[in-house]
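Below is one structure, written out as structure tokens, with a few remarks after it.
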Amino acid sequence: MRINGVLIDNTFAEAFPMKATRLIITAITPKWAYRAANSLTGFASSVIGCGCEADIERELPPEETPDGRPGIAVIIFAMSRKQLIEQVSKRVGQSVMTTPTSACFAGSHSDDQIPLGKTLRYFGDGFQISKKVNGVRYWRIPVMHGEFLCQDTTGIVPAIGGGNFMVMAKTSRLGLAACECAIKAIRAVHGAVTTFPGGIVGSGSKVGSKYKFMQASTNEIFCPTLKGQVKSMLTEDIGSVLEIVIDGLNEAAIREAMRAGVKAVCKFGPRKGIYRIGAGNYGGKLGRYHFHLRDIMK
Amino acid sequence: MTPLSLTLRRNPFARIDMSPLTPDRLAGLGRDAIARIMLACGRQRIRVSELFDIAGRDASLLRIRRATVQLFRVGFQMQSGSVEIAGNAGDNLGERIQGGEIRVRGDAGEWVGASMLGGNITVQGNVGDRAGAALPGQLIGMKGGLILVVGNAGDRVGERMRGGTIVTLGDTGSYLACRMRAGTIIAMGRTGPHIGIGMRRGTLVMGRKPAAMPTGFRSAGALKMEFLRLLFKQLGTVQTRLALFRSFGPEAIRMAGDLSVGGKGEILVLLNGSQGQTK
């Protein structure tokens, strides 16, 4: 299969079940909402070393936020409920509550609730105020900028992590140009995020290593400098491989995000240095979800 | 199905306990069964059919027409459905209501929503004393739900209130929010004396500055209370009538108290409340 001259490999992305929650961060201006969101989603590229994966989903206009202020929706993914509870509490406490004028609300609704303000309220040292509005409990924590307003709990939902595709290009510069367009296209898909810096992975990994203490190590079959040295997946003309990893709230969101991303990349074509699209998998033995590139791009 | 309609034939000679007639209690009953329900009328018991003309079938929306103040305990412990009252309602409207909605086009008596747990009560006219307050012998008043009074309210609104929201667009009497434990009262009109006496927790939002600084309260000055943005926006989603609050800003004078009882309650006097424009 070729799209605009770009070869689509007959392969699939292998993804895993995760737990996720969406949070809505509001502040006095979009700038300050972004500052809180950027801080919360910082160092959250991969569960391998960060404890969670998180990214900004989209900007919310005042009409869509609970308190009528500009907001940002972020989605946080973790491998377990317990891990998510820990990460949400730490990140909202250290990144959102510390941002001047910020407030934090639940953005996903389910019967399975985890603490949000419920644990952060103790920062109020007895001066915190509980308020129930429309049946939803909020905490007003007095802080130096005024009050930090935070919903009591947030809903967690089953999610999927590890949807991906690889962009095989002539050079990193040409690959990045195409990938940046792909990230823009993926941003338009609700319920899907790309948690790596700028949404693009420069050092995709495989599971395991020759070193026992390493959980993951470089994916040598996609490393251009190791062509000839290992059983490489790359042809002579490919000088750079970039991976776009997508986490989503459901299969449809990941499928739509992959489709939008691959389509955007393929627009560049071989003339602009984009030769092939591949995907990362482990032979289908580890992940429950398989996203076949050619099915998605039909 | 057309809503179940009960039209009062004549003004009864004594007060009628309307507690058996709620949408959830009438659900599944035929017109004949409803007609045979006995209501306490003073010291007597009278069939519904002797007092009301019955029309319609759908009890989930109960309409009471030509209602008078003699009809008390309308919507008692109601759990779901909707009650519309054309006319006036007597005392204890929506007492201990747990869910559903009651709308009164006229006035209502005392103890509106007393000890209520949930649901919505809207009174287009005035209400008597002790709206949302604790019933005699009880330590805790309203615990949840919403009472909206478009007109004026009497004394002791929200006395011993423990949760939920009361909104009065008109004036309120004395002892507003006294001994309040939690919850929110929004009083947009003029208020009587002795506001917040014995208030432990909870929030009283005032559209107008009180005539005198409430005893036992200390001012924190004018502040932007960001919580008010949330409150005002969310109230608009419960009741279209309350959408007017969306135009209000969060600027308010915050007073904490009642400090004489170690209270951590608050009075927020809105600085940009559209005074006189809410009714």
(message) Need one value for B:235-242: mean number of C-beta atoms belonging to other chains within 10 Å of its residues' C-beta atoms.
(response) 1
(message) Helix A:172-187 against the longest principal axis of chain A: what's the angle in degrees, Cα atoms only, rounded to the nearest 10?
(response) 40
(message) Using a 10 Å cut-off around each Cβ of peptide B:142-148, what is the average number of partner chain Cβ atoms that fall inside?
(response) 1
(request) Consider all pairwise Cα distances in the range B:148-277 and report the whole-number % of them above 26 Å. (result) 10
(request) Could you name the aspartates and glutamates whose alpha carbon sits less than 14 Å from that of B:LYS143, not counting residues in the same chain fewer than 8 places away? (result) B:GLU95, B:GLU159
(message) Can you give me the orientation-averaged projected area of the convex hull built on the Cα atoms of the range A:76-131, in nm²?
(response) 4.6
(message) From the P(r) of the protein assembly as shown, could you give the percentage of C-alpha pairs in the tail past 31 Å?
(response) 59
(request) Arrange the following residues from fewest to most other Cβ atoms within 10 Å of their Cβ: A:LYS132, A:LYS212. (result) A:LYS212, A:LYS132
(message) Whole-Hz ³J(HN,Hα) for each residue in the range B:238-248, computed from phi via Karplus 6.51 cos²θ - 1.76 cosθ + 1.60 with θ = phi - 60°, x for glycine and proline: what do you get?
(response) 7, 9, 4, 4, 8, 4, 4, 5, 4, 7, 7
(request) Once you have the Kirkwood Rh of the range A:237-278 from its Cα pairs, apply Stokes-Einstein at 25 °C and 0.890 mPa s and quote D in µm²/s. (result) 213
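Shielding of B:259-266 by partners, i.e. mean partner chain Cβ atoms within 10 Å per residue?
Mean inter-chain Cβ contacts per residue within 10 Å come to 1.
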(request) Calculate the all-directions average of the projected area of chain B's alpha-carbon convex hull, and give it in nm². (result) 13.9
(message) Once you order the gyration tensor axes a ≥ b ≥ c over the Cα atoms, which shape class does the range A:18-157 get: rounded for a/c under 1.5, otherwise prolate or oblate by comparing a/b with b/c?
(response) rounded
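In terms of the Cα gyration tensor, with a ≥ b ≥ c the square roots of its eigenvalues, is chain A rounded because a/c is under 1.5, prolate because a/b exceeds b/c, or oblate?
It is prolate, given that a/c is not under 1.5 and a/b is the larger ratio.
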(message) Please list, ordered by chain and number, the residues whose modelled amide H lies under 5 Å from the amide H of B:THR122; skip anything fewer than 5 residues away on the same chain.
(response) B:ILE102, B:ARG103, B:VAL104, B:LEU148
(request) On a C-alpha basis, how far is the centre of the range B:43-70 from the centre of the range A:173-248 in Å? Whole number, if you could? (result) 73
(request) Arrange the peptides A:98-110, B:44-56, A:3-15 so that the one whose residues have, on average, the most other Cβ atoms within 10 Å appears first. (result) A:98-110, A:3-15, B:44-56
(message) Quick check on the range A:167-265: take the gyration tensor over C-alpha atoms, sort the square-rooted eigenvalues as a ≥ b ≥ c, and tell me if it's rounded (a/c under 1.5), prolate or oblate.
(response) oblate
(request) Do me a favour and compute the ellipsoid semi-axes for the range A:1-65 from its Cα gyration tensor, root of five times each eigenvalue, largest one first, whole Å. (result) 32, 19, 12
(request) Amide H neighbours of B:ILE64 under 5 Å, at least 5 residues apart or on other chains, H built in the peptide plane: list them. (result) B:LEU6, B:GLU84, B:ILE85, B:ALA86
(request) Please work out how many pairs of lysine residues in the range A:18-157 are eight or more positions apart (or on different chains) and have Cα atoms closer than 23 angstrom. (result) 10
(request) Report, by chain and number, residues whose modeled amide H sits under 5 Å from the one on B:GLN70, excluding near sequence neighbours (fewer than 5 apart, same chain). (result) none
(request) Enter the Cα centre distance for the pair the range A:144-167 and the range B:75-139, rounded to the nearest angstrom. (result) 40
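Bear in mind these aren't lab numbers, they're just calculated from the coordinates by the rules spelled out. Since the model is a prediction, treat every value here as computed from it, not as a measurement. Neighbour counts run over all protein chains shown; Cβ positions are idealised from the backbone, glycine included.
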